[in-house]
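The values are calculated or read from the model by the stated rules, or taken from the named source; none is laboratory data. This is a predicted model, so every value here is computed, not measured. With ideal geometry, Cβ positions are generated from the backbone for all residues, glycine too; neighbour counts draw on all protein chains shown.
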Amino acid sequence: MTHLASTTDTVEKASATPGAPQPWRELGLRAEEYARIRQILGRRPTEAELAVYSVMWSEHCSYKSSKVHLGYFGQTTAPAVRERMLAGIGENAGVVDIGDGWAATFKIESHNHPSYVEPYQGAATGVGGIVRDVLAMGARPIGVVDPLRFGPAGAPDTARVLPGVVAGVGGYGNRLGLPTIGGELVFDASYAGNPLVNVLCVGAMRTEQLHLARARGVGNKVVLFGASTGRDGIGGVSVLASQTFSGEGSGRRKLPSVQVGDPFTEKVLVECCLELFAAGLVAGIQDLGGAGLSCATSELASAGDGGMSVTLDAVPVRATGMTPAEILSSESQERMCAVVRPADVAGFLAVCAKWEVPATVIGEVTDSGRLVVTWHGETVVDVPPRTVAHEGPTYHRPLRRPPTQDELRAATPDRLRRPSTPEELRATILAMAASPNLCSRSWVSDQYDRYVRGNTVCAQGADAGVLRVDETSQRGVAVATDCNARFCALDPYLGAQLALAEAYRNVATSGAVPVAVTNCLNFGSPEDPGVMWQFQQAVCGLADGAAVLGIPVTGGNVSFYNQTGSTPILPTPVVGVLGVLDDVRRRIPVGVGLAGDGLWLLGRTRDELGGSEWAHVVHGHLGGHPPEVDLAAEAALARLLASAAREGALRRAHDLSEGGLAQALVEACLASDTGAQVTLPGEAFVALFAESSARVLVAVPPAAAQRFLDLCGEVPHVRLGVAGGGSLEIDGLPRLGLAELRGAWDATLPALFG
Amino acid sequence: MTGRIGVITFPGTLDDVDAARAVRLAGGEAVRLWHGDDDLRGVAAVILPGGFSYGDYLRAGAIAAFAPVMRPVLDAARRGMPVLGICNGFQILCEAGLLPGALVRNAGLRFVCREVALRVENRSTPWTSGYRSGAEITVPLKSGEGRYVADEGTLAELEAAGRVVFRYVDPAPSGALHDIAGVCSADGRVVGLMPHPEHAVDPLTGPGADGLAVFASVFASVVDAELREDRM
């Protein structure tokens, strides 16, 4: 081993050889960034330091293009709203108080680029990463939600990517013992070379168990535990997540750097961590994800007392001949880094031994203000940690509303031929129900375990996934994610608000009170001013919307460079909303209820077809204006749903979104396996297919009808008809038998994917 | 102390909390057992829950069959202690030789999670005595390697002796031979099944409560045995 040490690039050597050539460009750094590193250090960086800075200053880790805009979330969060947050933006995951001494934490992350290269492992490690983020807050991960987006359903590459991604999400999540309680499945040509694999994880804990990622207490030990460190995933964040695949700029094709997941190790790590938390043996904790040890050590030190020394020789490695730079930037999965008081080290290691989780003391907290890493007795890293973790480069990227935006807005769907005869309307309902974006998702969700741990109250086909948190009090949470990217393309500001409104409404429709927002902002290249404009608009729309609704944005994730060549994906700010149910037995499932229940439509319907599923499915059209946003109406609707749920005035409910009332009726009838007789309010086509927001279909038991009407107050409400029978009978249209509807709705994905 | 029923946790076991909850809901006391234990802490029956023991990267249940806790399980089973293996637990019992046959990859090669209808075909085991004869129950199935296979001779023997305890009412989603969902040992004391009765103990979180009778049956059986012992 001694000969290795002699070839190692140390701080001493770096000072002595200022002119040595360094591969900063290949590591994804720009000339001015490299110059800034030299300025910070007063010398050239060592090979290891260069590795640390290059991964930590990557777009993925540093948010260098988005930071200037993300600050707007904080600026728009009112103090009263902030109070309910126990931890917010900047932590591993946001944490909110959900009452009775319970806290919930949730966050979404993207694993888009790895999932295109290697669908199974890309998706699997996406689940693993977000689960560790939630675990690092001190919470038990209790469920996952998977918003997925692919190219056209019939495209050959979709048949390669989709089954692998679904198997990867299931293969990891199922083995980890986490119920999958929801998700999205959207097909659009813009995702053909760039699928979106986002994963949301929700966790729960007693409020006193909240753990923050900071290294406090000089002399406290730094313990690395979990899997060993290998060469997998080196450069994952800088190479995969922070540039487009063609890599024209660097003149060479980037090699895939996808990590490999081991869900068994993660399951054991989860249980081990929870036992460590319960025993009070953890002073600070951080998971190892993108940028591996570089990220964990610099972030812990930067957020704590400011210094840390690390002996890299102590890190258990699974490959021979790894260099310090490789060990520091490895993205091997299933690892955590804890700060432990010296007196607790023996107890900490004993718990790890019980779970057979390898754990090693690799360093300690200092007050030096430096992150110092040694290797074979020589110093290979000596940097101020804040410059790595929190004071990376910040770019004010140029942004410009694309000139094509006006044409897009002008191309309204008004001239598209609308079905008019009863037969045409009926055929359109059937064709829409069978279309890839609206058909049954069971082909996907049947591959995910939704039962494990026995607390899943709503999952498959639900508006929001509902989980019981406390078996005694029956307190629980509801989670939904949404984004209609076509609306975002037409108007990214309003599109982001519509995504927020829909997720908020989905949570409310399940009977929960929405309390917090998270997001995963998937966009094209930040170097494209048009994309940057979309991003800035979406951030402002989302932040302003959350402020109006009075719920905090507790965190989020940004994924840039989602494009194929120079064509970006549709702007896709996926929004997640978390809600609280005092008693999950009061949740409202999807459906039309029992025969005789009254069916009501809440909210106002307008002639709004811009960006609609109808325009997409029937005409392949995208243009015009998205539906109007009325957040006050959304809030009023949510209040009505919460009180009606609490009083038992609703038997069933279903949110109206893509496909409008027609699709909501189809899904609700199939969920209840019961038909309905409905009279449409207003012109049939608009009533059926418009996608106006702030609308919900509800089923009211006859005995609760008067109470329901009293509760409606100002919320527009119209009686559609009653539930019952074996078909969906819409006034004036030939009836739609449930068997025919189910056949159309069920057959599409199995026919496409086997 | 009556009605102590053990629930084993192997590293990678996932449904242990569900099995323990089902035992409690049935009136019993769930005693948590660890894979490294070398005795069963005085329990009167034992459950091997679902999951992916040791990751199941080799062959489902192959490593767990050799875990330290399996030695006392094998001894107890030979003496007639009621043993239930659910999903991965069923796979482990087959690997350990307590039940005949094997569980292999689903015919469709995909993990399948859905509610299935089962017919209880043998109610003389301690795990099924609480069901009505020929009862049809709905419980979740969730597995990737749930296709029951055995050679023709073994299948004929199982059928002739009434050792098919649970059978899928509709064609088995896994492609299991004879639509077999669960079988028992020759003495009927050891039962294994792929679907999950512990996920059907409360209509709030499962398809109904059809699975509860599995746990109520064994609870009644062990309490009854304890009372008889007291009288002797």
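Is it true that B:R123 is basic (K, R), modelled with pLDDT of 95 or more, touching a Phe, Trp or Tyr at 6+ places or on another chain (Cβ under 9 Å) and more than 27 Å from A:P179 (Cβ to Cβ)? Step through it out loud before you land on a result.
On the way: basic (K, R): yes; modelled with pLDDT of 95 or more: yes; touching a Phe, Trp or Tyr at 6+ places or on another chain (Cβ under 9 Å): yes; more than 27 Å from A:P179 (Cβ to Cβ): yes.
Yes: the conditions hold for B:R123.
Report, by residue number, each residue of segment A:687-723 that is of a type in the set (A, V, I, L, M) and over 33 Å from the mean Cα position of the chain (by Cα).
Quick first cut of segment A:687-723, residues of a type in the set (A, V, I, L, M) only: A:687-688, A:690, A:694, A:696-700, A:703-705, A:709, A:711, A:715, A:718, A:720, A:722-723.
Within segment A:687-723, A:V700, A:A703, A:A704, A:A705, A:L709, A:L711, A:V718, A:L720, A:V722, A:A723 meet the criteria.
What residue, among those in segment B:93-120 that are in contact (Cβ under 8 Å) with a residue 60 or more places away in the chain and more than 14 Å from every other protein chain (Cβ to nearest Cβ), is surrounded by the most Cβ atoms within 10 Å (Cβ to Cβ)? Can you show your working first?
First, the residues of segment B:93-120 that are in contact (Cβ under 8 Å) with a residue 60 or more places away in the chain: B:93-94, B:98-101, B:103, B:106-108, B:112, B:115-116, B:118.
Next, only the ones that are more than 14 Å from every other protein chain (Cβ to nearest Cβ) stay: B:93-94, B:98-101, B:103, B:118.
Details: B:L93: 30, B:C94: 24, B:L98: 23, B:L99: 27, B:P100: 21, B:G101: 19, B:L103: 28, B:L118: 26.
Across segment B:93-120, the extreme among qualifying residues is B:L93.
Taking segment A:48-69, which residues are among the charged types (D, E, K, R) and within 30 Å of A:H376 (Cβ to Cβ)? Give the derivation first.
Filtering segment A:48-69 for residues among the charged types (D, E, K, R) gives A:49, A:59, A:64, A:67.
Within segment A:48-69, A:E49 is the sole residue that qualifies.
Does any residue of segment B:57-67 turn out to be out of contact with any Gly (no Cβ under 7 Å at 6 or more places or on another chain), among the β-branched types (V, I, T) and either surrounded by fewer than 23 Cβ atoms within 10 Å (Cβ to Cβ) or within 9 Å of chain A (Cβ to nearest Cβ) (or both)?
Yes, segment B:57-67 contains at least one residue that is out of contact with any Gly (no Cβ under 7 Å at 6 or more places or on another chain), among the β-branched types (V, I, T) and either surrounded by fewer than 23 Cβ atoms within 10 Å (Cβ to Cβ) or within 9 Å of chain A (Cβ to nearest Cβ) (or both).
Which of the residues spanning segment A:346-363 are surrounded by fewer than 21 Cβ atoms within 10 Å (Cβ to Cβ) and in contact with a strand residue (DSSP E or B) (Cβ under 7 Å, 6 or more places away or on another chain)?
Across segment A:346-363, the qualifying residues are A:L349, A:P358, A:T360, A:V361.
Looking only at segment B:145-161, decide whether some residue is over 16 Å from B:V23 (Cα atoms), buried (at least 24 other Cβ atoms within 10 Å of the Cβ) and within 14 Å of chain A (Cβ to nearest Cβ).
Yes - at least one qualifying residue is present in segment B:145-161.
Being touching a residue at least 12 places away in the same chain (Cβ under 8 Å) and closer than 14 Å to A:T207 by Cβ: is that true of A:R84 here? I'd like the intermediate steps shown before the answer.
Values: touching a residue at least 12 places away in the same chain (Cβ under 8 Å): yes; closer than 14 Å to A:T207 by Cβ: yes.
Yes, satisfied.
Pick from segment A:586-605 the residues that are more than 14 Å from every other protein chain (Cβ to nearest Cβ) and either of a type in the set (K, R) or on the phi > 0 side of the Ramachandran plot (or both): which of them is surrounded by the fewest Cβ atoms within 10 Å (Cβ to Cβ)? Please lay out each step first, then the result.
Step one: filter segment A:586-605 for residues more than 14 Å from every other protein chain (Cβ to nearest Cβ), giving A:590-605.
Now narrow it down to the ones that are either of a type in the set (K, R) or on the phi > 0 side of the Ramachandran plot (or both): A:591, A:593, A:596, A:603-604.
Details: A:G591: 23, A:G593: 24, A:G596: 11, A:G603: 21, A:R604: 15.
Among those that are more than 14 Å from every other protein chain (Cβ to nearest Cβ) and either of a type in the set (K, R) or on the phi > 0 side of the Ramachandran plot (or both), it is A:G596.
Going by what's in this entry, would A:S332 be described as under 29 Å from A:V260 (Cα atoms), in a helix (DSSP H, G or I) and either without any contact (Cβ under 8 Å) to a residue 12 or more places away in the chain or more than 14 Å from chain B (Cβ to nearest Cβ) (or both)?
Working: under 29 Å from A:V260 (Cα atoms): yes; in a helix (DSSP H, G or I): no; either without any contact (Cβ under 8 Å) to a residue 12 or more places away in the chain or more than 14 Å from chain B (Cβ to nearest Cβ) (or both): yes.
The answer is no for A:S332.
Since A:R639 meets every condition but one in (1) within 21 Å of A:G182 (Cα to Cα); (2) charged (D, E, K, R); (3) surrounded by fewer than 19 Cβ atoms within 10 Å (Cβ to Cβ), which condition does it not meet?
With (1) within 21 Å of A:G182 (Cα to Cα); (2) charged (D, E, K, R); (3) surrounded by fewer than 19 Cβ atoms within 10 Å (Cβ to Cβ) applied to A:R639, the lone miss is (1).
All but one of (1) under 21 Å from A:V457 (Cα atoms); (2) within 14 Å of chain B (Cβ to nearest Cβ); (3) crowded, with 24+ Cβ neighbours inside 10 Å hold for A:A123; state the number of the condition that does not hold.
With respect to (1) under 21 Å from A:V457 (Cα atoms); (2) within 14 Å of chain B (Cβ to nearest Cβ); (3) crowded, with 24+ Cβ neighbours inside 10 Å, A:A123 is out only on (1).
Would you be able to say whether some residue in segment A:567-585 is touching a residue at least 40 places away in the same chain (Cβ under 8 Å), more than 30 Å from A:Q474 (Cα to Cα), touching a Ser or Thr at 6+ places or on another chain (Cβ under 9 Å) and surrounded by fewer than 21 Cβ atoms within 10 Å (Cβ to Cβ)?
Scanning segment A:567-585, I find at least one residue that is touching a residue at least 40 places away in the same chain (Cβ under 8 Å), more than 30 Å from A:Q474 (Cα to Cα), touching a Ser or Thr at 6+ places or on another chain (Cβ under 9 Å) and surrounded by fewer than 21 Cβ atoms within 10 Å (Cβ to Cβ), so the answer is yes.
Out of B:V218, B:V164, I need the residue that is closer than 22 Å to B:M70 by Cα and among the aliphatic types (A, V, I, L, M). Which one?
On the way: B:V164 fails: closer than 22 Å to B:M70 by Cα.
Result of the check over B:V218, B:V164: B:V218.
Quick check on A:E667: is it at pLDDT below 95 and of a type in the set (D, E)?
When the stated conditions are applied, A:E667 does not pass them.
What tally of residues in segment B:176-204 results from selecting those that are within 14 Å of chain A (Cβ to nearest Cβ), surrounded by 24 or more Cβ atoms within 10 Å (Cβ to Cβ) and not charged (D, E, K, R)? Steps first, answer last, please.
Step one: list which residues in segment B:176-204 are within 14 Å of chain A (Cβ to nearest Cβ), which gives B:194-204.
Narrowing the set further to residues that are surrounded by 24 or more Cβ atoms within 10 Å (Cβ to Cβ) leaves B:194-201.
Still in the running and not charged (D, E, K, R): B:194-197, B:199-201.
Number of matching residues: 7.
Kindly list, by first and then second residue, each pair from a residue in segment B:7-31 that is of a type in the set (S, T, Y) to a residue that is in a strand (DSSP E or B), limited to pairs with Cβ atoms under 8 Å and residues at least 6 apart or on different chains.
B:T9/B:R32; B:T9/B:L33; B:T9/B:W34; B:T13/B:G51
Among the numbered criteria (1) within 12 Å of chain A (Cβ to nearest Cβ); (2) crowded, with 24+ Cβ neighbours inside 10 Å, which one does B:Y54 miss?
(2)
Between a residue in segment A:30-41 that is modelled with pLDDT of 95 or more and any residue that is surrounded by fewer than 13 Cβ atoms within 10 Å (Cβ to Cβ), which pairs come within a Cβ distance under 9 Å, given they are 6 or more apart or on different chains?
What qualifies is A:R38/A:P18.
Take the conditions within 30 Å of B:E115 (Cβ to Cβ), touching a residue at least 60 places away in the same chain (Cβ under 8 Å) and either surrounded by fewer than 23 Cβ atoms within 10 Å (Cβ to Cβ) or among the charged types (D, E, K, R) (or both) and apply them to A:R409. Does it pass?
Considered against the rule, which asks whether it is within 30 Å of B:E115 (Cβ to Cβ), touching a residue at least 60 places away in the same chain (Cβ under 8 Å) and either surrounded by fewer than 23 Cβ atoms within 10 Å (Cβ to Cβ) or among the charged types (D, E, K, R) (or both), A:R409 comes out as no.
Going through A:E423, A:E378, A:E391, A:E407 one at a time, which residue ends up being under 32 Å from the mean Cα position of the chain (by Cα), of a type in the set (D, E) and farther than 29 Å from A:F487 by Cβ?
Details: A:E423 fails: under 32 Å from the mean Cα position of the chain (by Cα); A:E378 fails: under 32 Å from the mean Cα position of the chain (by Cα); A:E407 fails: farther than 29 Å from A:F487 by Cβ.
The conditions single out A:E391.
Is it fair to say A:I142 is buried (at least 22 other Cβ atoms within 10 Å of the Cβ), under 29 Å from A:E613 (Cα atoms) and within 14 Å of chain B (Cβ to nearest Cβ)? Lay out the reasoning, then the answer.
Working: buried (at least 22 other Cβ atoms within 10 Å of the Cβ): yes; under 29 Å from A:E613 (Cα atoms): no; within 14 Å of chain B (Cβ to nearest Cβ): yes.
No.
One residue is enough: does segment A:425-440 have a residue meeting the conditions exposed (fewer than 15 other Cβ atoms within 10 Å of the Cβ) and either in contact with a Phe, Trp or Tyr (Cβ under 7 Å, 6 or more places away or on another chain) or without any contact (Cβ under 8 Å) to a residue 60 or more places away in the chain (or both)?
Yes, the conditions are met somewhere in segment A:425-440.
Tell me, which residue of segment B:205-230 that is under 30 Å from A:C458 (Cβ atoms) and without any contact (Cβ under 8 Å) to a residue 12 or more places away in the chain is nearest to the other protein chains (Cβ to nearest Cβ)?
Out of the qualifying residues, it is B:T205.
So, in segment B:1-27, exactly how many residues are away from chain A (no Cβ under 13 Å) and aromatic (F, W, Y)?
Number satisfying all stated conditions: 0.
Evaluate segment A:246-269: report whether one residue or more is more than 19 Å from A:V117 (Cβ to Cβ), touching a Leu at 6+ places or on another chain (Cβ under 6 Å), modelled with pLDDT of 95 or more and of a type in the set (A, V, I, L, M).
Taking every residue of segment A:246-269 in turn, none turns out to be more than 19 Å from A:V117 (Cβ to Cβ), touching a Leu at 6+ places or on another chain (Cβ under 6 Å), modelled with pLDDT of 95 or more and of a type in the set (A, V, I, L, M).
Going by the conditions given, is A:P702 surrounded by fewer than 19 Cβ atoms within 10 Å (Cβ to Cβ) and under 27 Å from A:A499 (Cβ atoms)?
On the way: surrounded by fewer than 19 Cβ atoms within 10 Å (Cβ to Cβ): yes; under 27 Å from A:A499 (Cβ atoms): no.
The answer is no for A:P702.
Quick one: which of A:A632, A:A704, A:A671 is in contact (Cβ under 8 Å) with a residue 40 or more places away in the chain and closer than 23 Å to A:L494 by Cα?
Numbers: A:A704 fails: closer than 23 Å to A:L494 by Cα; A:A671 fails: closer than 23 Å to A:L494 by Cα.
None of the others qualify; the one that does is A:A632.
Considering only residues of segment B:132-143 that are surrounded by fewer than 21 Cβ atoms within 10 Å (Cβ to Cβ) and at negative phi, which is farthest from the other protein chains (Cβ to nearest Cβ)?
Checking each candidate, the answer is B:S133.
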